[in-house]
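What follows draws every value from the coordinates through simple rules; no lab data is involved. Computed from a predicted model, the values in this text were never measured in an experiment. Quick reminder, even Gly has a Cβ in these numbers, built from the backbone with ideal geometry, and neighbours come from all protein chains shown.
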Amino acid sequence: MKLHLKIWRQPGRDHPGHFVTYELDGLNPDMSFLEMLDVLNDRLTREGKEPVAFEHDCREGICGSCAMAINGEPHGPNEGATSCQVYLRSFRDGETLTIEPWRARAFPVLKDLVTDRSAFDRIMQAGGFITVNTGQAPDANAIPIGKEVAEQAFDAAHCIGCGACVAACRNGSAMLFVAAKVSHLGLLPQGQPERKERVLRMVEAMDAAGFGNCSNQYACEAVCPKEISADWIARMNRDYAGAVVKKL
Amino acid sequence: MAGNSESSCFLRTSVGRKWVVALSGLFLIGFVVVHMAGNLQMFSPTADAINRYAHLLKASAPLLWAFRLALLTATAAHIWAALSLARENRAAKPLNYAVAGRKSRLHVTLASVTMVISGTVILAFVVFHLLHFTAQVVDRSYATMETMVDGKTVHDVHRMVVSGFSRPLISGFYLLAMGLLFFHLRHGAASLCQTLGIRDRKLAKAIDAGSWILAVVLFLGFSSIPLAVLLGVWKT
């Protein structure tokens with residue numbers, strides 16, 4: 001199959017970017033989206049041109065590296081899938097695909113499709129942990145956790161921190177990511193001692209990183225490759241108010 | 001972990017200001033619901049019902065002014081917090097995608113992307129509405145309209161409303177504002193539940209349906225009065 005690719009090329013962080021159009025022919029519809037980019041980069045390298053920079057690691061939909069918007073949708077057209085899990089059969093033969101980096105002030109473009117997502121790391125450093133003594137691994141089931149709570153916490157823990165929620169949001173808001181991380185630890189007994197401080201600190205770090213604010217449209221939930229529910233944002237809002245009231 | 005008291009100040013954080021928008025919005029929704037219920041007394045068989053009610057509302061000046069002050073505070077807080085959040089939202093997304101993506105997938109609804117516009121027009125309407133029926137500066141003759149209820153001389157609100165809405169331009173602006181209030185609440189009422197933390201998988205459908213019903217009921221309730229005037233239900 002044949003595809004026209006309109007790809008955002010930007011040599012560096014403080015350089016202006018622009019679209020460059022490439023044409024690829026003889027593609028196998030069962031190729032993954034990233035394999036198609038590999039084919040393109042192979043050709044560009046052999047032509048002595050700069051290959052398209054894009055992030056990738058596991059290529060099996062669990063690491064969250066492959067951040068790119070395909071036709072204006074983070075991770076492309078498929079529900080509950082990362083870019084690496086998108087296959088060319090999802091597109092029409094001869095279609096033009098526009099490929100862009102995440103668009104958000106808090107995720108500046110480093111090169112081509114690669115953005116700096118360290119703002120998420122700063123949020124995690126602010127409160128995305130529990131304080132325990134190091135040493136031997138604790139005994140399994142030393143702390144009993146009900147099945148329902150364990151499953152809820154696991155739903156929130158599915159977040160792979162890819163940043164698609166921020167990328168899809170009209171406001172560049174990170175509230176789905178922060179809500180998932182706050183709730184994942186806040187639901188478990190191990191997360192209780194720092195629960196109040198955690199939500200305050202993580203929201204503070206989120207605001208400091210220059211993310212926008214949720215205006216309740218839930219595009220984040222729609223594009224999330226791990227289908228994290230926007231209901232976690234409601235829980236974070238509740239937790240946050242509880243923490244503020246407790247502090248008074 | 002020790003919180004930094006200055007920067008974690010409730011009113012400065014994103015979530016804190018969202019709470020301000022939601023709580024003030026809830027108070028204002030409560031007000032418009034009661035206001036609409038009061039207005040519907042226009043349809044009572046006699047004009048006495050609404051005139052008696054209007055007189056009752058002004059029975060205690062301190063209470064009236066305390067309530068007006070509360071409304072003014074809620075409105076100011078709602079606007080301040082919403083605009084400061086909206087300003088940050090624009091700054092957080094300096095460049096959008098060249099291709100917009102599917103609106104249906106990204107949940108782009110007309111109501112949700114026009115909150116600042118609908119809110120601004122509603123604010124302009126509220127100012128006019130207060131000048132029109134409360135301060136009565138648009139038409140000075142309203143102040144002289146009086147009637148007898150229960151042996152007392154009271155302001156003839158019924159006559160003022162019929163007279164006010166018999167001007168198509170004023171009724172038109174009123175209907176436009178109520179249409180925008182419908183859009184504003186369509187998104188706003190469901191949103192405030194999310195901000196106040198009352199939304200989960202089971203409640204989501206009920207909240208969305210409830211905010212739609214609330215918006216429709218308020219639109220129909222408020223619009224029925226100018227429409228009835230324009231259709232000549234009451235004689236001037």
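Taking 27 Å as the straight-line reach from the Cα of B:LYS58, the lysines in range (excluding those fewer than 8 positions away in the same chain) are B:LYS152, B:LYS235. About its Cα centre, the dipole of the protein assembly as shown is roughly 1460 debye, where the only charges are +1 on Lys and Arg Cβ and -1 on Asp and Glu Cβ.
The base-10 log of I(q)/I(0) for chain A, evaluated at q = 0.13 Å⁻¹, reads -0.83 [Debye formula, identical scatterers on Cα atoms, solvent excluded]. When the charge dipole of segment A:3-110 is built from unit charges on Cβ atoms (+1 for Lys and Arg, -1 for Asp and Glu) and taken about the Cα centre, the candidate among A:PRO108, A:LEU27, A:ALA53 whose Cα reaches farthest toward its positive end is A:PRO108. Residues A:TYR87, A:TYR218, arranged from fewest to most other Cβ atoms within 10 angstrom of their Cβ, appear as A:TYR87, A:TYR218.
Against the empirical curve 2.2 N^0.38 Å, the C-alpha radius of gyration of segment A:118-247 lands at a ratio of 1.05.
Note on segment B:82-139: along the principal axes its Cα atoms extend 52, 24, 15 Å, ordered by decreasing extent.
Normalised size of segment A:3-110, defined as Cα radius of gyration per 2.2 N^0.38 Å with N residues, equals 1.03.
Given the Cα atoms of the protein assembly as shown, and with Rh set as the inverse mean 1/r over their pairs in the Kirkwood sense, what is Rg to Rh to two decimals? Result for the protein assembly as shown is an Rg/Rh of 1.08. Positive-end ranking of B:GLY179, B:PRO62, A:ILE7 along the dipole of the protein assembly as shown, with charges on Cβ about the Cα centre, is headed by B:PRO62. Among the chymotrypsin sites (Phe, Trp or Tyr not before Pro) within segment A:109-166, those in coil by DSSP and having at most 15 neighbouring Cβ atoms inside 10 Å are A:PHE129.
Between B:HIS35 and A:GLU60, what's the calculated FRET efficiency when r is the beta-carbon distance and R0 is 41 Å? Round to 0.05. E(calc), rounded to 0.05, equals 0.10. Near the amide H of A:GLU55, within less than 5 Å, lie the amide hydrogens of A:ALA67, all on another chain or at least 5 residues away, with H placed in the peptide plane. A convex hull fitted around the alpha carbon atoms of chain B yields 189 Å³ per residue.
Pairs from the list A:LYS111/A:LYS226; A:LYS196/B:LYS205; A:LYS246/B:LYS18; A:LYS247/B:LYS18; A:LYS49/B:LYS93; A:LYS181/A:LYS226 with a Cα-Cα gap above 22 Å: A:LYS111/A:LYS226; A:LYS196/B:LYS205; A:LYS49/B:LYS93. Take each residue of peptide A:58-65, count the partner chain Cβ atoms within 10 Å of its Cβ, and average: the result is 0.
For segment A:99-124, the residues whose amide N sits under 14 Å from a probe point set 7 Å from the Cα of A:LEU44 along the beta carbon direction are A:99-101, A:110-115.
For the residues of B:194-204, the average number of beta carbons from a partner chain within 10 Å of their own beta carbon is 5. The HN-Hα couplings worked out from phi for segment A:170-185 by the Karplus form 6.51 cos²θ - 1.76 cosθ + 1.60 (θ = phi - 60°) are 4, 9, x, 8, 9, 5, 5, 4, 5, 4, 5, 5, 4, 6, 4, 7 Hz, whole numbers, x standing for Gly and Pro. Scaled against 2.2 N^0.38 Å for its residue count N, the alpha carbon radius of gyration of segment A:19-70 is 1.20. Sorted on the mean count of surrounding Cβ atoms within 10 Å across their residues, most packed first, peptides A:3-10, B:140-147 read A:3-10, B:140-147. In this structure, the amide hydrogen of A:LEU97, modeled 1.01 Å from its nitrogen in the peptide plane, lies closer than 5 angstrom to those of A:HIS4, A:LEU5, A:LYS6, counting only residues at least 5 positions away or on a different chain.
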